[in-house]
Amino acid sequence: MDTELVAVPDAVNVTVDPTPAVDAVSNQAHCVGDASGAVTFASTFGVSGTSYSWTNDNTATGLAASGTGDISSFTTTNATSSALVSTITVTPSANGCNGAAITFTITVNPKPVIPISDV
């Protein structure tokens, strides 16, 4: 009795999730006490269900240390005599995958100081 082996192909489904992305955000500059501009995150190459998380390296400007979603307008702060800069890093994620992070800055300039001199 001869036995002949016959190869039967298996069907394999492979799902490749697209990489989420986030569009570049313009830097902002404000005077202390001004309302910042709200920041709305988007992607030209939108992946359905993309969410955005962000971190801020300098909370002295009035922005929280981190958050998810868009950044609402906030009142800028600066208790120094020099400009303060926050660098915000935004990471997009969808379908369990993170996309490439982007960064932008928010600069808060101090109130001008008028020197007082004896005359």
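Can we say residue 12 is more than 15 Å from the chain's Cα centre (by Cα), assigned to a loop (DSSP other than H, G, I, E, B) and loosely packed, with under 14 Cβ neighbours inside 10 Å? So residue 12 passes the test. Take residue 23 and tell me if it is in a loop (DSSP other than H, G, I, E, B), within 19 Å of the chain's Cα centre (by Cα) and farther than 30 Å from residue 82 by Cβ. Taking the combined requirement at face value, the residue satisfies it.
Can you pull out every residue in the range 1-56 that is within 17 Å of residue 72 (Cβ to Cβ) and charged (D, E, K, R)? Correct list: 34 only.
Any read-out appearing in this document is the output of simple, stated calculations on the displayed coordinates, not a laboratory observation. If you're wondering where the values come from, they're calculated on a predicted model, not measured in any experiment. In this analysis, Cβ positions are derived from the backbone assuming ideal geometry, glycine residues included, and neighbour counts consider all displayed protein chains.
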